[in-house]
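The values are calculated or read from the model by the stated rules, or taken from the named source; none is laboratory data. Please read all numbers here as calculations on a predicted model, not as lab measurements. Note: ideal-geometry Cβ built from the backbone for every residue, glycine included; neighbour counts use all protein chains shown. Each accessible area value is taken on the protein alone, full model and side chains, heavy atoms only, with ligands, DNA and RNA left out. Shrake-Rupley method; radii C 1.70, N 1.55, O 1.52, S 1.80 Å.
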Amino acid sequence: MASKPDIRYINRYVSGTAAPKLVPQTTPQKKPRLPKPRTRTKQELLLRIDPVAIAGIAVAMVLLVLMIVGVSRLNARQAELSANTQYLEELQTENVELKDLYQSGYDLEEIERIALALGMVPKDTLVHETIQVTTPAPVEEPSRWENFWDFVAGLFA
C-alpha cells in the first residue's frame, strides 16, 4: 500500500516546497454491503402491551363505574327528598286542621270561670315588684403580649 500523508488537511501539492508531489491512490470503491433483512420470529411479531396503559384503562373503568353508582344514588336521594317534601306538606295541612279542631274544642270563658273557682287570681290584680341586679364588671385577662413579657421576665428573674 502506498504511503498516505498523515496530515489530512494537506491533500494537494503546494508550490514552493521541496516536498515531493503525492499522487493520491485511487482504490476501487466497493459497494457497501447491506445487511440481510432479518426474518422476524414469532416472538418478535407479538404485540407488546404497556402495563401503565392497562392500569390507566382499569382506573378509568373503575372511575366510570363509581360515577354511574354515584349518579344512581343521587337520583334515589332526590326521589326520596321529593317524597319527604310532599309528606311534610301533608303534615302541615293536617297540623292546621288539628289546631283549628283543638281551639274549637274548648271555651275560654268556661276555663276562666273554673280557674276563679279554684282560687286563681287575674294577673292584673297582682302587685309587681322590680328588683335591680347589678352584675360585677368582668375581670380583664392579660393579653398575649403581656403574658409573653411576664414569661420572659420570669426567665430572667
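Odds and ends about this structure:
- The residue list Glu109, Glu146 contains one member that is free of Cβ contacts under 8 Å to residues at least 60 places away in the same chain and open to solvent by 100 Å² or more (accessible area, probe 1.4 Å), which is Glu109.
- For the residues Thr39, Thr93, Thr17, Thr26, the requirement of being modelled with pLDDT under 95, among the hydroxyl-bearing types (Ser, Thr, Tyr), open to solvent by less than 90 Å² (accessible area, probe 1.4 Å) and out of contact with any Asp or Glu (no Cβ under 8 Å at 6 or more places or on another chain) singles out Thr17.
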